[in-house]
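The values are calculated or read from the model by the stated rules, or taken from the named source; none is laboratory data. Nothing here was measured: the structure is a model prediction, and the numbers come from that model. Because the Cβ atoms are built from the backbone with ideal geometry, glycine has one as well, and the counts that use them run over all protein chains shown. Areas reflect the complete protein model, heavy atoms only, side chains present, ligands, DNA and RNA absent. Shrake-Rupley method; radii C 1.70, N 1.55, O 1.52, S 1.80 Å.
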Amino acid sequence: MIPTLKTKRLTLRPLSKSDQSAMVDAIMSDMDVMRWLPYSDAVSTFEGQQEVALGYINDFIKPWDTLGFGVWAICIGDTELGPVGTFIGYCGFLPEQIEGSGPEIAYAVRKSMWTKGLVTEALSACLDWIFIKPEIHFVHAVTDRENFASRRVMEKIGMRHEKDVDLYESVAKGNGLLPFYYIDREVYIRNRPD
């Protein structure tokens, strides 16, 4: 069973295929958001946005059955942000991309929700949850070199830049190597603010 996580301002609930339209509205239809995400070249049409959203959702749900983790829908949990329950993005974990580096963090939120600390809040809840699992010792994340906002979020939750890697065909696509961030359970727990 996929748990629901609650933070001060958010609810992280299981994703479902019924979130496809909300995913398109919040993420796939906004080129400022998609600029930083895989398959951004496929969302120039509404049909492409629908297809990419469904692909994301399927990829986010699948690991729950096989690995015991996955990606949640981020929904508003505080009326100061808007109507409670409104889908604003996603956050959670994908299967590791680099052997021995642990699950990969994945996240995106609607542009109107940027700069409010919501991704940091959601990620902290996700890390609190995954690091309870004794078999998970590390997690990692990658982002584009110029995505300074995402890099700041990773640093705020205690991740550190370890190296640069070629993932998601970044070199072939002309994006160069991607910054690889990493954190282990002991460091996260030791530095986690109460």
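Remark: accessible surface ordering of His161, His140 (largest first) is His161, His140, probe radius 1.4 Å.
Modelled spin labels at Asp65 and Ala149, positioned 7 Å past Cα toward Cβ, are 3.5 nm from each other. Cβ-Cβ distance of Ile98 and Lys6, R₀ of 30 Å, FRET efficiency by 1/(1 + (r/R0)^6): the value works out to about 0.45.
Rounded if a/c is under 1.5, else prolate if a/b beats b/c, else oblate: with a ≥ b ≥ c from the C-alpha gyration tensor eigenvalues square-rooted, which is the stretch 98-177? Don't jump to the answer; show the numbers that get you there.
Working: a/c = 2.12, a/b = 1.11, b/c = 1.91.
Because a/c hits 1.5 or more and a/b fails to exceed b/c, the stretch 98-177 counts as oblate.
Check Leu15: other-chain or 5+ apart residues with amide H under 5 Å from its amide H, H built from backbone geometry? It is Ala73, by chain and number. When the surface is traced with a 1.4 Å probe over the full set of protein chains, Tyr168 keeps roughly 90 Å² accessible. Between the beta carbons of Glu186 and Lys156, assuming R0 = 25 Å, the FRET efficiency works out to 0.85 to the nearest 0.05. Counting only protein heavy atoms and a probe of 1.4 Å, the accessible surface of the chain is 53% carbon and sulfur.
Give me the accessible area per residue for the stretch 58-141, probe 1.4 Å, as a whole number in Å².
Values: 3450 Å² over 84 residues.
Normalised by residue count, the accessible surface of the stretch 58-141 is 41 Å².
Using a/c under 1.5 as the rounded threshold, could you call the chain rounded, prolate or oblate? The axes a ≥ b ≥ c are square roots of the C-alpha gyration tensor eigenvalues, and prolate needs a/b larger than b/c, oblate otherwise.
Rounded, since a/c falls under 1.5.
List the DSSP H helices in the chain whose Cα atoms stretch 30 Å or more along the helix axis and whose mean Kyte-Doolittle hydropathy is at least 1.0. Qualifying helices: none.
Rolling a 1.4 Å probe across all protein chains gives Leu127 an accessible area of roughly 0 Å². Computed about the Cα centre, the dipole magnitude for the stretch 36-117 is approximately 300 debye when only Lys and Arg (+1) and Asp and Glu (-1) carry charge, each at its Cβ. Placing Ile88, Ile98, Ile189 in order of accessible area, with the largest value first and a 1.4 Å probe, yields Ile189, Ile98, Ile88. Ordered by solvent-accessible area of protein heavy atoms (1.4 Å probe), largest first, the residues Trp72, Trp129, Trp114 come out as Trp114, Trp129, Trp72.
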